[in-house]
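The values are calculated or read from the model by the stated rules, or taken from the named source; none is laboratory data. Just so it is clear, the model here is predicted, and its values are computed rather than measured. For neighbour counting, all protein chains shown are included, and Cβ atoms are generated from backbone atoms with ideal geometry for every residue, glycine included.
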Amino acid sequence: MTGTPSRRGWPEQTIGIVSPLLLLVAWEAASAAGLLRPQFFPRPTLILGHALDLALDGSLGRHAGITTARVAAAFALATSVSALASGKDIVDTAVQAGQFKTLALAYRRTFTFDLDAHREQA
């Protein structure tokens, strides 16, 4: 399946593949140059290395499952609290912007704690 050409003649499929790769290369270069704080933007090669380590020792699936369960529990809790507080339909409250902020914060905390736990084990 070939993509339709964009205004400059590049197929859209090529742009869709190349642009994330360029972003990763720019991220790697900026991290290597010290322009990005490693606590917030670790190098993509470092992330890939940790992911491969977790996959090779068999703990990646377990960690992913635990993180998914925590995110689902946080989402369910936030949805329940929001639905009870607002008196609206649960589906309606799940779509509200504040709901996704809560979910994003819960996910960030969960992911950060998982990384910290993995660093302590190493």
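See the values below:
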item	result
Residues (out of contact with any Leu (no Cβ under 9 Å at 6 or more places or on another chain), at pLDDT 75 or above and of a type outside the set (Ser, Thr, Tyr)) located in segment 65-97	Gly65, Ile66, Ala69, Arg70, Ala72, Ala73, Ala76, Leu77, Val81
Single match in Asp116, Asp53 (criterion: modelled with pLDDT of 90 or more and assigned to a helix (DSSP H, G or I))	Asp53
Evaluation of Pro20 against (1) surrounded by 11 or more Cβ atoms within 10 Å (Cβ to Cβ); (2) under 15 Å from the mean Cα position of the chain (by Cα) (one fails), failing number	(1)
Residues being in contact with a Leu (Cβ under 8 Å, 6 or more places away or on another chain) and under 28 Å from Arg62 (Cα atoms) - total across segment 12-37	0
